[in-house]
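**Student:** Please find one structure pasted underneath; my questions will follow.
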There are 2 protein chains.
Amino acid sequence: MSEALLIDGDIASAISTADEPGKNTTFTIGELAKEFGVTLRTLRFYEDKGLINPKRDGQNRLYSRRDRARLKLVLMGKKVGFSLNEICDMLDLYDLRNGQVVQLRVALDKFNQQIDVLKEQRSHIEQAIDELSRTVEVVSGMLKEKEAAEKK
Amino acid sequence: MSEALLIDGDIASAISTADEPGKNTTFTIGELAKEFGVTLRTLRFYEDKGLINPKRDGQNRLYSRRDRARLKLVLMGKKVGFSLNEICDMLDLYDLRNGQVVQLRVALDKFNQQIDVLKEQRSHIEQAIDELSRTVEVVSGMLKEKEAAEKK
DNA sequence: ATGATATCTTACGTTTGCGTAAACGTCCAG
DNA sequence: CTGGACGTTTACGCAAACGTAAGATATCAT
């Protein structure tokens with residue numbers, strides 16, 4: 001595998017990164033929140049939505065490395081424009097390292113679909129930019145006329 | 001003015017288009033809704049938000065050409081990514097045909113700011129596309145490996 | 001013992017842009 | 001007079017992704 005080529009923070013690396021035994025195996029909600037720059041509320045919300053399922057130390061949440069990896073995937077999914085629901089559907093991806101070919105294909109499909117969605121969004125935005133640029137030109141023109149007129 | 005160069009549906013033309021006396025001067029809510037492809041609810045909602053202020057024929061709304069032009073501006077504002085609130089702030093622009101230089105400047109500023117916002121959005125989307133494209137490559141690789149392994 | 005720190009659950013609030021009834025008025029054609 | 005067509009107001013609903021208390025518990029340090 002070309003893991004050396006993968007930038008940290010990459011979806012693919014998050015998928016294919018294995019646990020490193022010997023390191024911290026569990027995290028508190030506060031630790032995770034700080035590490036990823038999210039609020040406690042967010043983590044609890046994700047749990048509510050079934051995205052992460054930490055165990056409990058009494059009442060307190062106890063996150064495993066696996067939970068942490070899933071969180072990473074959630075946040076990256078958001079970064080590329082997936083909704084939490086879509087992410088939820090795909091999240092079994094984390095287990096896809098060991099997973100089945102069929103699931104990989106499904107994931108690949110969704111990724112490609114999302115690429116199309118993003119390209120469409122980009123196109124709309126570019127149209128808007130064009131429109132506004134034209135407007136700026138015209139309004140600039142009006143402005144100059146007015147200014148000229150006021151000098152009279 | 002270079003009005004001939006302005007495509008219909010253009011913000012600038014909507015700003016600089018004068019009333020044509022002799023044509024229909026008033027519109028019902030249904031007429032306007034049909035013309036612009038929005039619902040009655042939408043028009044009432046815009047009124048609620050202070051974007052348009054039709055007069056009344058008894059209880060019924062009566063839209064003037066000016067109201068119609070403002071609606072046009074609202075819809076175009078949406079097209080280029082302004083929120084209704086932002087549009088509301090800028091909407092006095094319609095009167096800027098006759099209006100003051102200062103206001104034109106303000107408008108120009110907002111347009112340029114919005115262009116920047118849009119460019120940022122575009123940049124984010126492009127990053128997401130890149131990210132996803134890389135992911136697709138990697139996952140494709142994983143897929144091939146798996147398939148090869150299954151053939152054993 | 002006391003205050004600070006971290007955690008918990010429950011649950012209502014926020015934002016944007018309308019959708020979707022419900023229940024009623026008005027006017028015109030058949 | 002009856003049924004559409006068109007209009008009115010009031011007001012709750014929705015989706016997404018959390019924010020923001022409120023009130024309780026538990027542990028830790030001083």
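**Student:** Quick one: buried accessible area between A and B, total over both chains, 1.4 angstrom probe, nearest 100 Å²? Let's see the in-between values first.
**Tutor:** Working: alone 11190 and 11150 Å², together 18170 Å².
The A and B chains share an interface burying roughly 4200 Å².
**Student:** In chain B, what residue has the beta-carbon at the shortest distance from the axis of the rotation relating B to A, and what is that distance in angstrom, rounded to the whole number?
**Tutor:** B:Arg122, 3
**Student:** At B:Ser133, label 7 Å along Cα→Cβ: distances to the other copies, nm, ascending?
**Tutor:** Those separations, rounded to one decimal, come out as 2.0 nm.
**Student:** Let me ask something additional. Give, as ranges by residue number, the residues of segment A:40-62 whose backbone N falls under 18 Å from the point 7 Å along Cα→Cβ of A:Gln103.
**Tutor:** Answer for segment A:40-62: A:50-54.
**Student:** Go ahead and run the numbers for FRET between A:Phe45 and B:Arg44, Cβ-Cβ distance against an R0 of 35 Å, rounding to 0.05. Kindly include the intermediate steps, with their values, before the conclusion.
**Tutor:** On the way: r = 35 Å, r/R0 = 0.99.
Result of the calculation: an efficiency of 0.50.
The values are calculated or read from the model by the stated rules, or taken from the named source; none is laboratory data. It should be emphasised that the depicted structure is a prediction, and the values quoted were computed from it without experimental measurement. All Cβ positions, glycine included, derive from the backbone under ideal geometry; neighbour counts span all protein chains shown. Side chains included, ligands, DNA and RNA excluded: accessible areas come from the protein's heavy atoms. Shrake-Rupley method; radii C 1.70, N 1.55, O 1.52, S 1.80 Å.
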